[in-house]
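**Student:** The structure follows.
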Amino acid sequence: MPPASSSVRKGAFITLEGGEGAGKTTQARHIAERLRARGIEAITTREPGGSPGAEILRDVLLSGKIKDLGAKAEAIIFSAARIDHIDHTIAPALAAGTWVVCDRFADSTRVYQGTFGGIEAEFLTLLERVTLNDLRPDLTLILDLPPEVGLARAAARRGPDVASDRFESEGILFHEALRQAYLDIAAAEPQRCVVVDAAQEEDEVAQAIWDVIASRLPAAAGPASAEQAGEAGEPEA
Ligand code: T5A
């Protein structure tokens with residue numbers, strides 16, 4: 001039996017990427033709500049995490065407890081979490097015709113572990129290939145904004161009594177390098193990636209994202225819209 005990650009795909013797979021506090025979680029929710037309003041089944045999920053096994057690894061990864069193992073080990077553990085997430089959440093949903101909206105995915109490993117950990121590109125390419133099998137997002141939205149704006153949003157949401165996580169606490173140069181690495185991925189893969197200005201108001205970002213989805217994935221109009229169009233087009237008796 002082939003692994004779940006290579007099973008038949010009927011739903012579409014959208015990923016959101018970007019720096020800390022860029023609004024990925026917020027916008028994933030908006031996308032799913034808009035899809036459901038059009039009669040399309042949609043789930044939101046996240047990385048690291050998104051399945052029971054991967055959520056256990058999330059705690060380990062974000063606590064910083066394994067930081068000393070080095071970037072390669074971290075990349076492998078993020079990828080182990082991703083395999084569990086694909087096999088138990090993403091692939092079954094796509095096979096059932098459900099759209100999957102995922103807050104971070106493989107580009108996060110390329111960018112965070114690749115940029116910060118200085119891991120050679122061949123290692124990451126190989127790791128990505130065995131992790132994803134044949135699964136690639138249909139559309140990746142890269143939410144772009146100055147890192148200081150995103151970090152301030154993340155800090156405001158966290159509040160003064162909660163410590164920043166493993167990656168948030170890195171310096172501003174790290175976050176600027178991340179931003180550039182995402183823009184480089186978008187430039188290299190324009191057929192999959194679209195950069196969205198995430199410094200705008202929440203509703204404006206949501207509309208910009210929806211415009212991209214509607215033009216890149218026309219099925220997002222959904223059966224509800226098709227029915228409405230049909231009704232509107234019916235001649236009156
Ligand atoms: N990581 C992850 C790796 O190193 N390698 C990997 O392979 C993977 C998968 C995950 C960490 O793990 C690293 C990257 C990360 O450092 P996380 O806790 O999931 O950690 O953190 P993030 O993914 O960065 O998510 P955040 O929660 O920090 O940011 P989001 O999801 O981008 O932002 P969101 O939507 O939660 O919004 C943050 C705040 O801003 C407000 C929201 O209301 C919220 O309060 N907001 C806005 N405010 C003003 N204007 C807007 N347009 C706004 N949009 C949202």
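The values are calculated or read from the model by the stated rules, or taken from the named source; none is laboratory data. Just so it is clear, the structure is predicted and the values come from calculations on it, not from any experiment. All Cβ positions, glycine included, derive from the backbone under ideal geometry; neighbour counts span all protein chains shown. Heavy atoms of the whole protein, side chains included, go into the accessibility calculation; ligands, DNA and RNA do not. Shrake-Rupley method; radii C 1.70, N 1.55, O 1.52, S 1.80 Å.
**Student:** If a residue must be within 14 Å of the ligand (Cβ to nearest atom) and under 12 Å from Arg82 (Cβ atoms), how many such residues does the stretch 114-136 contain?
**Tutor:** 4
**Student:** Ok, one more. Which one is farthest from Glu47 (Cα to Cα), of the residues in the stretch 11-27 that are among the hydroxyl-bearing types (Ser, Thr, Tyr) and near the ligand (Cβ under 6 Å from one of its atoms)? Give the steps one after another, and end with the answer.
**Tutor:** Here is the first cut: in the stretch 11-27, the residues among the hydroxyl-bearing types (Ser, Thr, Tyr) are 15, 25-26.
Keeping just the survivors that are near the ligand (Cβ under 6 Å from one of its atoms) gives 25-26.
Working: Thr25: 11, Thr26: 14 Å.
Among residues in the stretch 11-27 that are among the hydroxyl-bearing types (Ser, Thr, Tyr) and near the ligand (Cβ under 6 Å from one of its atoms), the one farthest from Glu47 (Cα to Cα) is Thr26.
**Student:** Any idea how many residues of the stretch 92-113 are away from the ligand (no atom under 14 Å from the Cβ) and either aromatic (Phe, Trp, Tyr) or crowded, with 22+ Cβ neighbours inside 10 Å (or both)?
**Tutor:** Step one: filter the stretch 92-113 for residues away from the ligand (no atom under 14 Å from the Cβ), giving 92-100.
This time we only want the ones that are either aromatic (Phe, Trp, Tyr) or crowded, with 22+ Cβ neighbours inside 10 Å (or both), so: 94, 99-100.
Final tally of qualifying residues: 3.
**Student:** Moving on. Output the residues belonging to the stretch 165-179 that are touching a residue at least 60 places away in the same chain (Cβ under 8 Å) and either surrounded by fewer than 11 Cβ atoms within 10 Å (Cβ to Cβ) or within 25 Å of Pro137 (Cα to Cα) (or both).
**Tutor:** Selection gives Phe167, His175, Ala177, Leu178, Arg179.
**Student:** Does Asp161 qualify as being open to solvent by 60 Å² or more (accessible area, probe 1.4 Å), without any contact (Cβ under 8 Å) to a residue 12 or more places away in the chain and over 11 Å from Glu17 (Cβ atoms)? Working first, answer last.
**Tutor:** Working: open to solvent by 60 Å² or more (accessible area, probe 1.4 Å): yes; without any contact (Cβ under 8 Å) to a residue 12 or more places away in the chain: yes; over 11 Å from Glu17 (Cβ atoms): yes.
Considered against the rule, which asks whether it is open to solvent by 60 Å² or more (accessible area, probe 1.4 Å), without any contact (Cβ under 8 Å) to a residue 12 or more places away in the chain and over 11 Å from Glu17 (Cβ atoms), Asp161 comes out as yes.
**Student:** Which condition number does Ala186 fail, the rest of (1) without any contact (Cβ under 8 Å) to a residue 60 or more places away in the chain; (2) closer than 20 Å to Ala75 by Cα; (3) open to solvent by less than 20 Å² (accessible area, probe 1.4 Å) being met?
**Tutor:** (2)
**Student:** Mind counting the residues in the stretch 30-60 that are within 14 Å of the chain's Cα centre (by Cα) and either within 8 Å of the ligand (Cβ to nearest atom) or modelled with pLDDT under 95 (or both)?
**Tutor:** Of the residues in the stretch 30-60, 4 are within 14 Å of the chain's Cα centre (by Cα) and either within 8 Å of the ligand (Cβ to nearest atom) or modelled with pLDDT under 95 (or both).
**Student:** Right, next: Mind checking which residues of the stretch 189-229 are open to solvent by 60 Å² or more (accessible area, probe 1.4 Å), acidic (Asp, Glu) and away from the ligand (no atom under 16 Å from the Cβ)?
**Tutor:** Across the stretch 189-229, the qualifying residue is only Glu227.
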